[in-house]
Amino acid sequence: MRRYQGTVYDSNRWDGFQLRPGDIIIASSPKCGTTWTQMICALLILQEPELPLPLDRLSPWIDMETRARTEVFADLQAQTHRRFIKTHTPLDGLPHDPRVTYICVGRDPRDVALSIDRHIDNMNIGAWLKAREHAAAIDGVELGPLRVQTPRPDGERDRFWQWVDDETPSTQIGSSLRRTMEHLQTFRDAPNELDVVSLHYDDLKADLKGQMRQLAVRLGIHVDEHLWPRLVQAATFGAMRRRADTIVPGGGPEHWIDPAAFFSRGTSGQWCNLLDDSDLARYAARVRALAAADLVDWVHSTPIDISGPIGDTSSIYGAHDPQDRP
């Protein structure tokens, strides 16, 4: 397996973890809907709109160094319900097991760029690093020096292009356009014997109820009809935002300046107000240089090589087949 490392995560933390038949690994790039999918899986598995524990405890993030690896493994070992585990590691950095279901979520990378920008602004970096040091002390791990980060530009458009043009190898960065597209590619290239489910952020936005029902079928989970309205409502952004203190990832609300802002806008097409036609042409050339045409077409809900003014995108985000791999 390839090793993926960032400021506060390390995919080597999967070493020695024992998978069980029926485990679900939710593996998406940052800001593509990972927490949303965790919540959906929690609701389908537990079939209660109120979670018995914080989502981060029900669905631990194995790679994240802000919790002791020994504690995370112990929590997962003690679980008796069907386990659903979070990761941002691409498939080539994860253990492969035909008994496990892997869920990957795709999202228009232009929206990912803007969402990750707000995400970084909302992080309490000091709290993350303090938690990392505490976890390392419990595990008896000696932390290496943090990688020097490239300064962020002042302007939102400049930060967008920094994310798009970043050539840092995917194994050494948490989020960039290159990392996002290569992550999706690893799932496209998944061996046939693996059970891979692909979802698209825009489809979840357009038809949450339908997507949840289809995912339940793929996971072999039966849900009584009378439960569906409450479960779907609990999976909406509004409901998750109201309970942000128990749903945000990372170990707890103290890691965020505003936990509710973690869910931010939750909309698609945010980039329309930032990018002009020349920007879009530049972006299209960049993303097509990084990935195959069919993958580029799948992850973008609208054609990216169109000319003319950027219109209202509210009605043109099309549907995707959740059975298709990205």
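Considering each of 105, 164 in turn, give the residue that is at pLDDT 95 or above and over 17 Å from residue 274 (Cα atoms).
105
Output the residues belonging to segment 167-226 that are modelled with pLDDT of 95 or more, of a type in the set (A, V, I, L, M) and under 22 Å from residue 91 (Cβ atoms).
Hits for segment 167-226 are 177, 181, 184, 190, 194, 196, 197, 199, 204, 215, 219.
Restricting attention to helices (runs of 4 or more DSSP H) lying wholly within segment 83-201, give those where 3 or more residues are open to solvent by less than 40 Å² (accessible area, probe 1.4 Å) and within 27 Å of residue 43 (Cβ to Cβ).
109-122, 177-188
Is it the case, given these coordinates, that residue 202 is within 18 Å of residue 301 (Cβ to Cβ) and either of a type in the set (A, V, I, L, M, F, W, C) or within 16 Å of the chain's Cα centre (by Cα) (or both)?
Taking the combined requirement at face value, the residue satisfies it.
Please list, ordered by first then second residue, the pairs with beta carbon atoms under 6 Å, 6 or more apart or interchain, first in segment 70-99 and closer than 25 Å to residue 36 by Cβ, second of a type in the set (Phe, Trp, Tyr) and assigned to a loop (DSSP other than H, G, I, E, B).
Partner pairs satisfying both residue conditions: 89/4; 93/4.
Is segment 304-317 home to any residue that is surrounded by 16 or more Cβ atoms within 10 Å (Cβ to Cβ), touching a helix residue (DSSP H, G or I) at 6+ places or on another chain (Cβ under 9 Å), modelled with pLDDT of 85 or more and not β-branched (Val, Ile, Thr)?
No, that holds for no residue.
Checking residue 221 against (1) farther than 17 Å from residue 105 by Cβ; (2) assigned to a helix (DSSP H, G or I); (3) open to solvent by less than 80 Å² (accessible area, probe 1.4 Å), which single condition isn't satisfied?
It is condition (2) that residue 221 fails.
Quick one: in segment 58-82, which of the residues that are charged (D, E, K, R) and in contact with a Gly (Cβ under 7 Å, 6 or more places away or on another chain) is least open to solvent (accessible area, probe 1.4 Å)? Steps first, please.
The first filter runs over segment 58-82 and keeps only residues charged (D, E, K, R), leaving 63, 65, 67, 69, 71, 75, 82.
Keeping just the survivors that are in contact with a Gly (Cβ under 7 Å, 6 or more places away or on another chain) gives 67, 82.
Details: 67: 27, 82: 71 Å².
So, considering only residues that are charged (D, E, K, R) and in contact with a Gly (Cβ under 7 Å, 6 or more places away or on another chain), the one least open to solvent (accessible area, probe 1.4 Å) is 67.
Taking the condition of being under 17 Å from residue 115 (Cβ atoms) and modelled with pLDDT of 95 or more, how many residues in segment 242-301 meet it?
4
Is it the case that residue 215 is surrounded by 22 or more Cβ atoms within 10 Å (Cβ to Cβ), not hydroxyl-bearing (Ser, Thr, Tyr) and not in a loop (DSSP other than H, G, I, E, B)?
Against the criterion (surrounded by 22 or more Cβ atoms within 10 Å (Cβ to Cβ), not hydroxyl-bearing (Ser, Thr, Tyr) and not in a loop (DSSP other than H, G, I, E, B)), residue 215 does not qualify.
Give the residues of segment 17-64 that are acidic (Asp, Glu), within 15 Å of the chain's Cα centre (by Cα) and either in a loop (DSSP other than H, G, I, E, B) or under 24 Å from residue 171 (Cβ atoms) (or both), sorted by residue number.
Once the filter is applied, which keeps residues that are acidic (Asp, Glu), within 15 Å of the chain's Cα centre (by Cα) and either in a loop (DSSP other than H, G, I, E, B) or under 24 Å from residue 171 (Cβ atoms) (or both), segment 17-64 yields only 63.
Residue by residue through segment 3-32, note down the ones that are open to solvent by 10 Å² or more (accessible area, probe 1.4 Å), within 29 Å of residue 118 (Cα to Cα) and in contact (Cβ under 8 Å) with a residue 12 or more places away in the chain.
Once the filter is applied, which keeps residues that are open to solvent by 10 Å² or more (accessible area, probe 1.4 Å), within 29 Å of residue 118 (Cα to Cα) and in contact (Cβ under 8 Å) with a residue 12 or more places away in the chain, segment 3-32 yields 3, 5, 6, 7, 8, 9, 10, 13, 30, 31.
The values are calculated or read from the model by the stated rules, or taken from the named source; none is laboratory data. All figures in this text were calculated on a predicted structure; none of them were measured in a lab. Reconstructed Cβ throughout: ideal geometry from the backbone, glycine too, with neighbour counts over all protein chains shown. Protein only, heavy atoms only, side chains kept; ligands, DNA and RNA dropped before computing areas. Shrake-Rupley method; radii C 1.70, N 1.55, O 1.52, S 1.80 Å.
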